[in-house]
Amino acid sequence: MLIREVMNSNIVTISPNTKLNDAYSLMQGKKIRHLPVLEGNKLVGVVTDRDLRLATSQLSKLPFDPETIVAKIMTSPVKTAHPLDPIEIATQIMRELKIGCMPVVENSILIGMVTTSDLLDALLLLTGVHQPSGRLDILLPNRSGELARLTALLAKHKVNIHSILTYPDKEGKIKLVLRISTMEIKFIAQEICNSGFEVVFPLNIACAK
């Protein structure tokens, strides 16, 4: 999944000369938490609701007056994403930098915004949880052919796969999380287990010897 599939293209922007109180009122009215700052067509900064609260808080050593312009507190330069970036790359960058949004820029033009909420929605979509489905967690040996053997078994039972997520297990195996097109999870899990696969979820599946 790419950034262009999850970004918000209806962008609300402000200028560097916007006052802090006006920026905050705009966020409240639009129910948003991040505002790109444009000077002409050029992206020059980003300001968040957290920036505004911290800047004007009486707990701050030198609180800013609400009439101060956002240029004084905005984040600049800005880390941006490209619409063709994979979402996992943007997620990694946002996690490492501890930021909640990334403006999306193409040919030096701001075309969208992606936030942590957008990325969480994308993750939910990738898991297939929005569709009527059941979940299977399986441990596979880290060798070629095991996934093909598993999918062939599911096809034999006329079960479609809505999503597949994998990650390495501590013991060197591959943890497989599947969303499949049946609610008869225990029956399918039993069949998979009887075929020599290690079923982690659902629990209490006793495999035939």
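The values are calculated or read from the model by the stated rules, or taken from the named source; none is laboratory data. Everything quoted here is computed from the prediction, not taken from an experiment. FYI the Cβ positions are ideal-geometry reconstructions off the backbone, even for glycines, and counts take in every protein chain you see. Quick note on the areas: whole protein, heavy atoms, side chains included, nothing else; ligands and nucleic acids left out. Shrake-Rupley method; radii C 1.70, N 1.55, O 1.52, S 1.80 Å.
So between residue 82 and residue 130, what do we pick up on full extension, going 0.36 nm a residue minus the alpha carbon distance?
Numbers: separation 48, 0.36 × 48 = 17.28 nm, distance 2.71 nm.
Contour length minus Cα-Cα distance gives 14.6 nm.
Suppose we keep just the alpha-carbon trace of segment 84-183; what are its Rg and Dmax in angstrom?
When restricted to the Cα atoms of segment 84-183, Rg and Dmax are 17.4, 51 Å.
Using only the heavy atoms of the protein chains and a 1.4 Å probe, how would 167, 24 rank by accessible area, largest first? Don't skip to the answer; put the middle values down first.
Working: 167 110, 24 85 Å².
Solvent-accessible surface, decreasing: 167, 24.
Hey, which of these cross-link pairs are over 24 Å Cα-Cα: 158/186; 42/79; 19/42; 19/61; 42/72; 31/61? Could you put the intermediate results ahead of the total?
Details: 158/186 15 Å; 42/79 14 Å; 19/42 19 Å; 19/61 20 Å; 42/72 17 Å; 31/61 29 Å.
In this structure, 31/61 exceed 24 Å between Cα atoms.
Using only helices, what value at 222 nm comes out for the chain when you add -39,500 (n - 2.57) per DSSP H run of length 4 or more and divide by the total residues, to the nearest 500 deg cm²/dmol?
Values: 7 runs with 67 residues, N = 209.
After summing the helix terms and dividing by the residues of the chain, the value is -9500 deg cm²/dmol.
Which one of 3, 26, 16 has its Cα pushed farthest toward the positive end of the charge dipole of segment 1-102, where Lys and Arg give +1 and Asp and Glu give -1 at the Cβ?
26
Using only the alpha carbons of segment 12-74, what is the convex hull's orientation-averaged projected area in square nanometres?
Across all orientations, segment 12-74 yields a mean hull projection of 3.8 nm².
Can you give the accessible area of residue 135, probe radius 1.4 Å, in Å² rounded to 10?
Accessible area, nearest 10 Å²: 90 Å².
Rolling a 1.4 angstrom probe over the protein chains, ignoring ligands and nucleic acids, what is the accessible area of residue 27 in square angstrom, nearest 10?
Around 0 Å² of this residue is reachable by solvent.
Per residue of segment 30-39, in order, report the coupling 6.51 cos²θ - 1.76 cosθ + 1.60 (Karplus, θ = phi - 60°) as ³J(HN,Hα) in whole Hz, putting x for Gly and Pro.
8, 6, 10, 10, 9, 10, x, 10, 10, 10
For residue 33, tell me the accessible area in Å² from a 1.4 Å probe, rounded to the nearest 10.
The accessible area of residue 33 comes to roughly 130 Å².
Leaving out ligands and nucleic acids, note down the accessible area per residue over the chain with a 1.4 angstrom probe, in whole Å².
Details: 12870 Å² over 209 residues.
That works out to 62 Å² per residue.
Any chance you could get the radius of gyration and Dmax over the Cα atoms of the chain, in Å?
23.8, 75
Please list the non-local residues whose amide H lies under 5 Å from the amide H of residue 174, H modeled 1.01 Å from N, same-chain partners needing a gap of 5 or more.
140, 142, 169
Take the alpha-carbon centre of segment 110-127, take the same for segment 139-164, and report the distance between them in whole Å.
28
I want to check the label-to-label distance for residue 92 and residue 39. Put each point 7 Å from Cα in the C-beta direction and report it in nm to one decimal.
3.3
Please give me, ordered by residue number, the trypsin sites (Lys or Arg not before Pro) of segment 144-193 that lie in loop per DSSP and have at most 14 other Cβ atoms within 10 Å. Show your work: numbers first, answer last.
Values: sites: 149, 156, 158, 170, 173, 175, 179, 186; in loops: 158, 170, 173.
For trypsin sites (Lys or Arg not before Pro) across segment 144-193 that sit outside H, G, I, E and B with at most 14 neighbouring Cβ atoms in 10 Å, the list reads 158, 170.
So what's the net charge close to residue 83: Lys and Arg +1, Asp and Glu -1, counting the other residues with Cβ under 11 Å from its Cβ? Could the numbers behind the result be given before it?
On the way: positive: 4; negative: 5, 85, 106.
Summing Lys/Arg as +1 and Asp/Glu as -1 gives -2.
Positive end of the dipole of segment 63-178, charges at C-beta (+1 Lys, Arg; -1 Asp, Glu), about the Cα centre: which of 148, 105, 81 has its Cα farthest in that direction?
Going by the Cα projections, it comes out as 148.
What is the percent carbon and sulfur in the accessible area of the chain, measuring with a 1.4 Å probe over the protein chains and ignoring ligands?
Working: 6780 of 12870 Å².
On the chain, the fraction of accessible area on carbon and sulfur atoms equals 53 percent.
State, as an integer percentage, the relative contact order of segment 48-126 based on alpha-carbon contacts under 8 Å between residues 6 or more apart. Intermediate results must be reported in sequence, preceding the final value.
Working: 61 pairs, mean separation 15.1, N = 79.
About 19 percent, as a whole number.
Write down, largest first, the equivalent ellipsoid semi-axes of segment 136-209 in whole Å, where each equals the square root of 5 times an eigenvalue of the alpha-carbon gyration tensor. Before the final figure, lay out each step's value.
Details: eigenvalues 61, 41, 29 Å².
Working from the Cα gyration tensor, I get semi-axes of 17, 14, 12 Å.
For the chain, give me every cysteine whose Cβ has no other Cys Cβ within less than 4.7 Å, ordered by residue number.
Cysteines lacking a close Cβ partner in the chain: 101.
Got a sec? Charge dipole of the chain, +1 on Cβ for Lys and Arg, -1 for Asp and Glu; which of 93, 44, 69 is way out at the positive end?
Sorting the options by dipole projection puts first 93.
Treating the beta-carbon of each Lys and Arg as +1 and of each Asp and Glu as -1, no other charges, what is the dipole magnitude of the chain about its Cα centre, to the nearest 20 debye? Numbers along the way, then the final one.
Working: 24 positive and 20 negative charges, 79 e Å.
Dipole of the chain, to the nearest 20 debye: 380 debye.
Which GluC sites (Glu not before Pro) from segment 31-121 combine a DSSP loop assignment with at most 10 other Cβ atoms within 10 Å?
Numbers: sites: 39, 67, 88, 96, 106; in loops: 67.
Counting only loop positions with at most 10 other Cβ atoms within 10 Å, the GluC sites (Glu not before Pro) in segment 31-121 are 67.
Show me the trypsin sites (Lys or Arg not before Pro) within segment 69-121 that DSSP assigns to loop and that have at most 16 other Cβ atoms within 10 Å of their Cβ.
Working: sites: 72, 79, 95, 98; in loops: 79, 98.
Loop-located and lightly packed - 79, 98.
Scan around residue 163 for amide H atoms under 5 Å from its own, H built in the peptide plane at 1.01 Å from N, and keep only partners 5 or more places away or cross-chain.
For residue 163, whose amide H was placed from the backbone, the distant partners under 5 Å are 179.
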